[in-house]
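First up is the structure itself, then whatever we jot down about it.
The values are calculated or read from the model by the stated rules, or taken from the named source; none is laboratory data. This structure is a prediction, so every number in the text was calculated from the model and none was measured. Neighbour counts are summed over all protein chains in view; Cβ atoms, including those assigned to glycine, are modelled from backbone coordinates with ideal geometry. Surface areas here come from the heavy atoms of the whole protein model, side chains and all, with no ligands, DNA or RNA. Shrake-Rupley method; radii C 1.70, N 1.55, O 1.52, S 1.80 Å.
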Amino acid sequence: MNAEDPGRIVLLTASHRVAPGLLSWPAWQTLHAADRVLCGEPGQPQLPYLREAGVTVEPAVPGAEELVASCAGGRTVVVLTGGEGNQPLTDGLARLAGSGRVRMPDLELLPGSYDLPGARLLDLVQVMDRIRIECPWTSQKTHEGLAKYAIEEAYELVEAIEDGTREELREELGDVLLQVVFHARIAQEDEQEPFSVDDVAATLIEKLIHRHPHVFGDETAETPEDVHAHWLRTKAVEKQRESVTDGVPLGQPALALAAKLAGRARTAALDVPLPEGDGIGYRLLALAVRAQEDGTDPEAALRAAGRAYRDAIRAAEGNG
């Protein structure tokens with residue numbers, strides 16, 4: 001070793017969202033070649049795997065000055081940290097470098113593993129689990145007690161899509177996602193038929209693959225109409241429904257319900273005359289069916305008209 005060589009400090013980070021032991025090849029090479037490997041976290045999940053690989057880890061991290069001194073003579077010291085790094089150590093090294101009192105070793109930040117797309121969903125599941133256990137309000141909630149919030153959040157998402165900013169859209173998507181994770185966490189506690197968010201995801205994955213044979217199978221679809229036809233055929237086989245109206249939720253908004261029923265009847269080529277009556281409900285039904293036939297979403301159209309009416313009211317109040 002060159003006595004004048006200040007050496008090298010490697011800060012090795014590893015994502016907690018990736019299984020311990022799954023480190024990159026450059027990370028393993030650096031660990032095996034290092035003169036010292038340090039870790040100040042006794043519970044660091046990588047430690048058992050490093051021991052299995054024959055890497056000796058010293059259970060401490062000295063201060064910045066001592067660490068710099070230990071690199072003298074061209075030695076390489078690896079400091080194993082969590083995904084967030086070691087802020088006190090990096091701050092101390094920065095102050096020491098800025099003082100100009102010592103010759104600093106090379107400082108390298110080496111990511112040992114990277115987050116995969118969707119990795120933050122794992123954090124969300126962990127946060128939800130802790131809140132469910134420790135929060136007095138959250139711990140008492142049931143599927144039935146949360147049902148109204150699912151409806152509210154869905155409407156707020158629609159409003160963000162139609163009339164909001166990108167930031168509002170992102171936030172409302174998160175609120176809808178919260179409902180899914182929350183209900184799945186509650187479902188884990190069911191004594192008769194428990195299931196988890198992983199089961200929810202697995203069911204959805206299976207459904208998506210099965211209903212997209214033109215993507216995951218041998219069928220072909222060149223137009224959106226072809227895809228829709230595939231989807232309807234697959235659902236018909238899956239559900240074995242007696243009526244085209246099976247599966248249409250009657251609790252949805254009335255205009256949307258009317259349009260959905262009209263769409264089901266038209267897709268099935270059923271010539272069904274509209275029920276007759278004198279009330280406004282029958283007139284609204286006829287308008288909703290006509291809108292659906294024209295390719296217009298009557299619910300969205302009425303919301304747009306409602307917003308225009310709101311603006312007119314505000315203008316009349318002098319709040320335009």
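Of note:
- Yes/no for GLU168 being of a type outside the set (A, V, I, L, M, F, W, C), under 30 Å from ASP311 (Cβ atoms), open to solvent by 90 Å² or more (accessible area, probe 1.4 Å) and assigned to a helix (DSSP H, G or I): no
- Test: residue in region 266-283 that is under 29 Å from TYR155 (Cα atoms) and at pLDDT below 90: yes
- Residue that is farthest from ARG185 (Cα to Cα), among those in region 111-158 that are open to solvent by 80 Å² or more (accessible area, probe 1.4 Å) and in contact (Cβ under 8 Å) with a residue 24 or more places away in the chain: TYR114
- Cβ-Cβ distances below 6 Å connect the following pairs, each with a first residue in region 264-283 that is closer than 30 Å to ARG233 by Cβ and among the small types (Gly, Ala, Ser), a second residue that is surrounded by 10 or more Cβ atoms within 10 Å (Cβ to Cβ) and at pLDDT 90 or above, and a separation of six or more residues or different chains: ALA265/VAL272.
- Any hit, region 98-109, residues being closer than 20 Å to PRO6 by Cβ and of a type in the set (S, T, N, Q): yes
- On inspection, LEU23 qualifies as surrounded by 14 or more Cβ atoms within 10 Å (Cβ to Cβ), part of a loop (DSSP other than H, G, I, E, B) and out of contact with any Cys (no Cβ under 9 Å at 6 or more places or on another chain).
- Qualifying residues in region 26-67 (those that are part of a loop (DSSP other than H, G, I, E, B) and free of Cβ contacts under 8 Å to residues at least 24 places away in the same chain) - the one surrounded by the most Cβ atoms within 10 Å (Cβ to Cβ): VAL57
- Cross-chain or 6+ apart pairs with Cβ under 6 Å, region 192-213 first and outside any helix (DSSP H, G or I), then open to solvent by less than 90 Å² (accessible area, probe 1.4 Å) and aromatic (Phe, Trp, Tyr): ARG211/TRP231
- Some residue of region 121-138 being assigned to a helix (DSSP H, G or I), within 22 Å of the chain's Cα centre (by Cα) and within 27 Å of ARG264 (Cα to Cα): no
- Where helices (runs of 4 or more DSSP H) sit wholly within region 224-318, those with at least 3 residues that are in contact with an Asp or Glu (Cβ under 9 Å, 6 or more places away or on another chain) and either surrounded by 12 or more Cβ atoms within 10 Å (Cβ to Cβ) or of a type in the set (Ser, Thr, Tyr) (or both) occupy 254-267, 280-293, 298-316.
- Residues considered: LEU110, LEU146, LEU157. Of these, the only one that is at pLDDT 90 or above and not in a helix (DSSP H, G or I) is LEU110.
- Note on region 68-94: residues that are touching a strand residue (DSSP E or B) at 6+ places or on another chain (Cβ under 9 Å), open to solvent by less than 60 Å² (accessible area, probe 1.4 Å) and over 16 Å from LEU110 (Cβ atoms) amount to 3.
- Those residues of region 276-294 which are out of contact with any Lys or Arg (no Cβ under 8 Å at 6 or more places or on another chain) and among the charged types (D, E, K, R), in sequence order: GLU276, ASP278, ARG283, ARG290, ASP294
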